[in-house]
1. Could you check the range B:27-127 for helices (runs of 4 or more DSSP H) lying wholly inside it with 3 or more residues that are in contact with a helix residue (DSSP H, G or I) (Cβ under 8 Å, 6 or more places away or on another chain) and at pLDDT 80 or above?
2. Please determine whether any residue of the range A:184-198 is free of Cβ contacts under 8 Å to residues at least 12 places away in the same chain and open to solvent by 10 Å² or more (accessible area, probe 1.4 Å).
3. Tell me yes or no: at least one residue of the range A:306-313 is open to solvent by less than 60 Å² (accessible area, probe 1.4 Å), at pLDDT 85 or above and more than 15 Å from A:LEU233 (Cβ to Cβ).
4. Residues of the range A:234-248 being surrounded by fewer than 24 Cβ atoms within 10 Å (Cβ to Cβ) and more than 8 Å from chain C (Cβ to nearest Cβ), which ones?
5. Of everything in the range C:122-143, what is in contact with a Phe, Trp or Tyr (Cβ under 9 Å, 6 or more places away or on another chain) and open to solvent by less than 60 Å² (accessible area, probe 1.4 Å)? Give them in sequence order.
6. Among what's in the range C:171-211 and is free of Cβ contacts under 8 Å to residues at least 24 places away in the same chain and open to solvent by 10 Å² or more (accessible area, probe 1.4 Å), pick the residue that is nearest to the other protein chains (Cβ to nearest Cβ).
7. Please go through the range C:293-316 and pick out each residue that is over 19 Å from C:ARG337 (Cα atoms) and more than 30 Å from the chain's Cα centre (by Cα).
8. Just one of the numbered conditions (1) open to solvent by 30 Å² or more (accessible area, probe 1.4 Å); (2) away from every other protein chain (no Cβ under 14 Å); (3) over 20 Å from B:LEU131 (Cα atoms) is not true of B:ARG236; which one?
Amino acid sequence: MDTQAILHVQNLQKHFPIKGGLFSPKGSKRVKAVDGVSFSLARGQTLGLVGESGCGKSTTGRMVARLMDPTGGRIVIDGVDISQLGGRELYNFRRKVQMIFQDPFASLNPRQTVGTAIAAPMLAQKINPSGGMKNRVKELLEQVGLKPEHYNRFPHEFSGGQRQRVGIARAISLNPSVIVCDEPVSALDVSVQAQVVNLLQEIQRDTGVAYIFIAHDLSVVRHISHDVAVMYLGKIVERGPRDELFHDPKHPYTKALLSAVPLPDPNAARLQQKIRLRGDLPSPANPPSGCVFRTRCPLFSTLGEEQQQRCITEIPAPASTAAPACHHSGMAAAALADVQ
Amino acid sequence: MTRFIFRRAGSLILLLVTVSFITFTLFQLGPADPASAACGQECTPERITEARVALGMDHPFLIQYLDYMRGLVSPRMIGAPGAESICQWPCLGKSFQTNENVSDIIARSLPYTLSIAVGALVLWTISGVGLGLLAALRKGSATDKFIVGAASVGVSLPIPVTGLFLLLVFVNQLHLLPFTTNEINGAFGPHGPWAWVLNYFLPWVALAVLFSAAYIRVTRTNMIETFSEDFIRTARAKGLAPRIVTFKHGVRAGITPVVTMLGMDIGLLLGGAVLTEQIFSVPGLGFTAVRAAISGDLPVTMAITMLAAFFVIVANVAVDLAYAAIDPRVRLQ
Amino acid sequence: MTQLQPSSPASANETGAFLEVRNLSVKFPTDDGLVSAVNGMDFSLERGQTLGIVGESGSGKSVTSQALMGLLKGTSAQVTGQALFQGKDLVTLPESRMRQLRGRNIGMIFQDPLSALHPFFTVGEQIAEAYLVHNTASKKQARAAAVDMLGRVGIPSPEQRYDEYPHHFSGGMRQRAMIAMALICEPELLIADEPTTALDVTVQAQILDLMSELQQETNSALILITHDLGVVAEVCDSVLVMYGGQCVESGPVDEIFYDTQHPYTLGLLKSMPTLNSSARRLNPIPGQPPSLLDLPKGCIFSARCDYAALAGDGVCASTRPGLVVEGGHGTRCHLDRRQILTLRNTR
């Protein structure tokens, strides 16, 4: 995968200073929203980024699209590190990465026709499509399953699913290499959600665009992704090919996350091994030492004192495709079966 | 909480210094020449120069500003060398017209303005919030439509129109109320509180008609929004009585924007209700400021301007504190 | 097993069901016309049972719960039909009587616990308030009851958390607090409207566990309103599928999932990606739900139904099917069960 990757993210970080007032110094404390995230993505592939709220998945996506400036690390697209680009270079980069947002209504100007909205990125990038702008927009409308006569309509005349199609048309208008999809179907009803997921897959097959698909719904992620990365408190705890990760999760957090998903199948739900995490997510402003997951880890209590000490003092190596970010993942499977 | 107050007080002082500097600069750059105004009708170039020295205007601008600011902290000497007189703390300079201490002029005018402001404020808050709440509770009904209609009429009536109309009807025609007198400038004076109320009733009504319209609208909009909030539904789902849902859960949450408005309006009004004081011939701050501006009496105009700015800023801080008291989420920051 | 049988109005009084809803309809007048949010709902529920009401946005599931709770009283909504709760009709009960039931006999949990809790009062005050409305108790006793309840819903150091405000709580803790508030008077019926939709999946699992636990402890009935078929499969005994303000299919949970009778339910199940599905194409239901301002004359689902052509004579477009119940499993479709069975297996 790495050989043909178009996107490499290495040790990406985003630290937010905790807001200081007039008389208290700024930056004395920081929240590490994203803390050393690495992955790569090949043409025509989808990387699913999953995790619970506050895990840093959206922040990671926004940094890749450079809607947010990274605090550290590298984002290499087509061989160019874009993490520190500014001005003209950043402007040129924009056409390579586009974004689709959760709430298509909020990301469309209510007083602008969808035709204008879809043309906006092309106008901003001073692109003159052959055959004229209007024709290109109508072509895009058809590509996303809308009708050319929708050109002059306003966002409020569309349903949620149709608005998301408009958002997709806008994102693909510049033929980007990567589209960051931030919870693109979370606001949609199940039956409509499937339409949009299918559309995204068709577009990928036709254009070879790569997706970073950010979602909290693991079923959708499993359906659309080739690779999946699981985040917890700003770090990737496990990543790997989809089937491997879903069939044989190695990190205790991944196991817990998967076992918490309610299955739309009563018999399977009764048989499902349930690992329940206790307590709440620790504050990202004050994360646990060593392994960030240890405070809620179902494995932790089964460990010997020496092993526990290691979790408390030693930060696990970042997750690679070969191993999760866990000191004791080797014994996780057996131990967790005992816990339950 | 204490830290919160200290931090607000810190920024308050910084703001006041900034405002005073800007005001001072504006008056220095302005077209009016205070020296020629001060030296009167038969003015010769020599007398203008004398006047400039007497007013301290021969000093560089920054020195003048610092002198002025020093007067706010301690007494200082004022006037040409040899003919100085002491200006007691708080020294805001001396009037070009009467040579009186500006602080005395303000001390004399302020009670009138206060009298107008306090009563008008109480009147319009009660009527504005009350009618706004009533309209929100009866949303869509004839009552609601009448109140909203009346509010839009009220907001489009300028003070001179309402004021003169009230004077004509209640004083001239019906003789129900006395014409405003300058002898009463407080509720606890020799004439007693009732005389005070009667004396200022018409200015209060004139201001209340204008101001309560905005309060009706803001209260109505916010209360309607609040009544549709999820926590109101929760309160009903608990089985609480409508009275408790409305007042304990609804009003407390919906009233916060009104507190902001109230703060801003108090600030503005304490700087002098210029038109109202003119119409009803009340010698308050606004009345005094207008006269001083016309005659080019720089120190008086300057002092009232700064005082008005001071009131607005203090009112802002008061609003912030009130917010923190009402909304626990604000206390965090 | 819960009995999900539409009962005729004639037998109105003798069935001693715990909750019996008959022909419940809700309409909202708007500037554009009358919105038919709920159109003739029938179901019943016994104590100790969990009924899942599933549907997409606009299907009328939330409005149904609000009608049961009497929260539509005093609004412009027109509620008709019957909802007999322990023999009392919640539809016609005057607001003052309804108020005594709310919180004490029927509790309710909402979707977003942050907006459902009042931001200006402490969590404890809000729970104690719910206790005080229905019990003659001192403030001190109410506080003790609230602290006890906070502990029961799994909030650590409840004595201390009592005095904290909702914004100090995490999403999961807030929903626990909401549950504490809804259950402090030990209502016999709990209505939960999308109680876990705003929560993360591991927290959702905790909350669902908690709700099942407390339900077993108190032997109360639970109506769980959700769009998530996974949640339904996990916690419900019986299911009611709503579409366009109507119940299109109802029955025991296993029958709904393994012996699906209605084309809409079938469509929903097929359009969902699942954790153990292989990478096939999803089968979305084509089109959009109907406008509640102008419902079709025939079957409400006919415009999006793959099978409508099979029924013949255009009957799907012209006549609205009634809910036909066989062995506790009801479906509202013109196709007969054998036809559906063949279709389910071939497609």
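1. Numbers: elements: B:34-39, B:45-54, B:61-73.
Of the helices (runs of 4 or more DSSP H) lying wholly inside the range B:27-127, those with at least 3 residues that are in contact with a helix residue (DSSP H, G or I) (Cβ under 8 Å, 6 or more places away or on another chain) and at pLDDT 80 or above span B:61-73.
2. Taking the range A:184-198 and keeping what is free of Cβ contacts under 8 Å to residues at least 12 places away in the same chain, we get A:190-191, A:194, A:198.
The next check asks that each one be open to solvent by 10 Å² or more (accessible area, probe 1.4 Å); those that pass are A:190.
Among the residues of the range A:184-198, at least one is free of Cβ contacts under 8 Å to residues at least 12 places away in the same chain and open to solvent by 10 Å² or more (accessible area, probe 1.4 Å), which makes the answer yes.
3. Narrowing the range A:306-313 to residues open to solvent by less than 60 Å² (accessible area, probe 1.4 Å): A:308, A:311-312.
Keeping just the survivors that are at pLDDT 85 or above gives A:308, A:311-312.
Imposing the further condition that a residue be more than 15 Å from A:LEU233 (Cβ to Cβ) reduces the set to A:308, A:312.
For the range A:306-313, residues open to solvent by less than 60 Å² (accessible area, probe 1.4 Å), at pLDDT 85 or above and more than 15 Å from A:LEU233 (Cβ to Cβ): present.
4. First pass over the range A:234-248, keeping only residues surrounded by fewer than 24 Cβ atoms within 10 Å (Cβ to Cβ): A:240-244, A:246-248.
Listed by number, the residues that qualify are A:GLY240, A:PRO241, A:ARG242, A:ASP243, A:GLU244, A:HIS247, A:ASP248.
5. Taking the range C:122-143 first, the residues in contact with a Phe, Trp or Tyr (Cβ under 9 Å, 6 or more places away or on another chain) are C:122-129, C:137, C:141-143.
Correct list: C:THR122, C:VAL123, C:GLY124, C:GLN126, C:ILE127, C:ALA128, C:GLU129, C:ALA137, C:ALA142.
6. So in the range C:171-211, the residues free of Cβ contacts under 8 Å to residues at least 24 places away in the same chain come out as C:173, C:201-202, C:205, C:209.
Checking which are open to solvent by 10 Å² or more (accessible area, probe 1.4 Å) leaves us with C:173, C:201, C:209.
Values: C:MET173: 7, C:VAL201: 5, C:ASP209: 7 Å.
In this case the residue turns out to be C:VAL201.
7. none
8. With (1) open to solvent by 30 Å² or more (accessible area, probe 1.4 Å); (2) away from every other protein chain (no Cβ under 14 Å); (3) over 20 Å from B:LEU131 (Cα atoms) applied to B:ARG236, the lone miss is (2).
The values are calculated or read from the model by the stated rules, or taken from the named source; none is laboratory data. Not measured: the values here are computed from a predicted model. Cβ atoms come from the backbone with ideal geometry, glycine included; neighbour counts cover every protein chain shown. Just so you know, the surface numbers come from the protein's heavy atoms only, side chains and all, with ligands and any DNA or RNA stripped out. Shrake-Rupley method; radii C 1.70, N 1.55, O 1.52, S 1.80 Å.
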